[in-house]
1. Per DSSP helix of 4 or more residues, -39500 (n - 2.57); summed, then divided by the residues of the chain. What does that give at 222 nm, rounded to the nearest 500?
2. What FRET efficiency would be calculated for the residue pair LEU41, ASP110, taking the C-beta separation as r and a Förster radius of 35 Å, to the nearest 0.05?
3. Please give the length that would be gained between THR8 and MET57 if that part of the chain were fully extended, namely 0.36 nm times their separation in residues minus their C-alpha to C-alpha distance (nm, one decimal).
4. To test your reading of the geometry: what angle, between 0 and 90 degrees and rounded to tens, separates the Cα axis of helix 46-62 from the longest principal axis of the chain?
5. Can you tell me the 0 to 90 degree angle between the C-alpha axis of helix 124-134 and the longest principal axis of the chain, rounded to 10?
6. Output the Cα-based Rg and Dmax of the chain in Å, rounding Rg to one decimal and Dmax to a whole number.
7. Starting from the Cα gyration tensor of the stretch 43-112, take the square roots of the eigenvalues, sort them a ≥ b ≥ c, and report rounded, prolate or oblate (rounded when a/c is under 1.5, otherwise prolate if a/b is larger than b/c, else oblate).
8. Just the accessible area for THR8, please: 1.4 Å probe, Å², rounded to the nearest 10?
Amino acid sequence: MGSIYLKTETDRLEMVQRRAARYVSNKHHNHSSVNLMLQHLKWTSLEQRRKEARLTMLFKIENNKVAISKEGRLIPLKRLSRNMHDKSFQVPAASCDYRKHSFFRRTIRDWNALPPGVVSAPSVEAFKASMTKLN
């Protein structure tokens, strides 16, 4: 007996997007490249959309656009390396799995990797536009 591959919820959602790309492109053949269809349609992956949504929420928290306190959560770095921008934060320490995959830990890691021009955008709309240009 072979092993059964159980797809995660994320995998199943990505499959729906891929099927939708085939449907919209009207290319149902097995030899058609779904990745090329997604590029042609200018559809970003669902994983990328979730990442952009997390980063946008952190931008809103940092700039007091939402009623979520940043005190104790967004701690500026004391020492910046040359690869970091002045709005970089400390990644929270975590010993438990549920903390390792928490919003702030995952998002701060991605935030610190953004270019300085993106994180210092003047508005949420400008931040989103900068994010789109990155991809």
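1. -15500 deg cm²/dmol
2. The pair LEU41/ASP110 has a calculated efficiency of 0.90.
3. 15.2 nm
4. Computed tilt is about 20 degrees.
5. The answer is roughly 60 degrees.
6. Spelled out, the Cα radius of gyration and Dmax of the chain are 18.8, 58 Å.
7. Judged from the Cα gyration tensor, the stretch 43-112 comes out rounded (a/c under 1.5).
8. That residue has around 70 Å² of solvent-accessible surface.
The values are calculated or read from the model by the stated rules, or taken from the named source; none is laboratory data. The shown structure was predicted, so the numbers you read here are calculated from the model rather than taken from an experiment. Counting neighbours? That spans all protein chains shown, and the Cβs are built from the backbone with ideal geometry, glycine included. Surface areas here come from the heavy atoms of the whole protein model, side chains and all, with no ligands, DNA or RNA. Shrake-Rupley method; radii C 1.70, N 1.55, O 1.52, S 1.80 Å.
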